[in-house]
Amino acid sequence: MRYHEYMKIYRVGICLMVIAGVLPFTASAAIPISIPFGGIITKEIPCNDGSVLLTIVGPRPGEFMLTAASLKFAWYAFLPSEWVLGIAAPVAAIPCTLGPTVVGAGLPIIMSGTTLVTPVF
């Protein structure tokens with residue numbers, strides 16, 4: 001085998017190894033499957049369409065929309081002062097309307113669970 005043929009095969013092999021090593025990292029970082037959230041519910045607003053807008057503070061805060069399609073686990077107590085933990089869909093926020101007024105928007109919850117109802121002192 002000639003030196004030039006050997007170097008051609010060597011360069012192609014190096015290029016394939018670089019592409020194979022970088023491709024999984026770029027693909028997984030570009031497409032998030034879900035967004036984790038968790039903390040204490042501080043505010044809940046019922047919306048016209050039957051969903052509920054939750055404001056959560058704590059380790060993973062934000063505003064999230066509890067819809068009819070959301071999977072609910074544990075005690076189903078989506079009330080202020082309760083702890084909640086779950087994942088939300090990485091899509092556009094869903095607006096919450098009260099009458100003709102938009103009062104907020106939140107990411108749709110895929111699944112979540114809450115703590116048992118805690119006493120408020």
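Brief remarks on what is shown
- Those residues of region 55-81 which are β-branched (Val, Ile, Thr) and part of a strand (DSSP E or B), in sequence order: THR55, ILE56, VAL57
- Answer residue from region 96-121, given it is touching a Phe, Trp or Tyr at 6+ places or on another chain (Cβ under 6 Å) and buried (at least 17 other Cβ atoms within 10 Å of the Cβ) and is modelled with the lowest pLDDT among those: THR114
- When ALA74, ALA89, ALA93, ALA69 are checked against the criterion of being on the phi > 0 side of the Ramachandran plot and at pLDDT below 95, a single residue qualifies: ALA74.
The values are calculated or read from the model by the stated rules, or taken from the named source; none is laboratory data. Computed from a predicted structure; not experimentally measured. All Cβ positions, glycine included, derive from the backbone under ideal geometry; neighbour counts span all protein chains shown.
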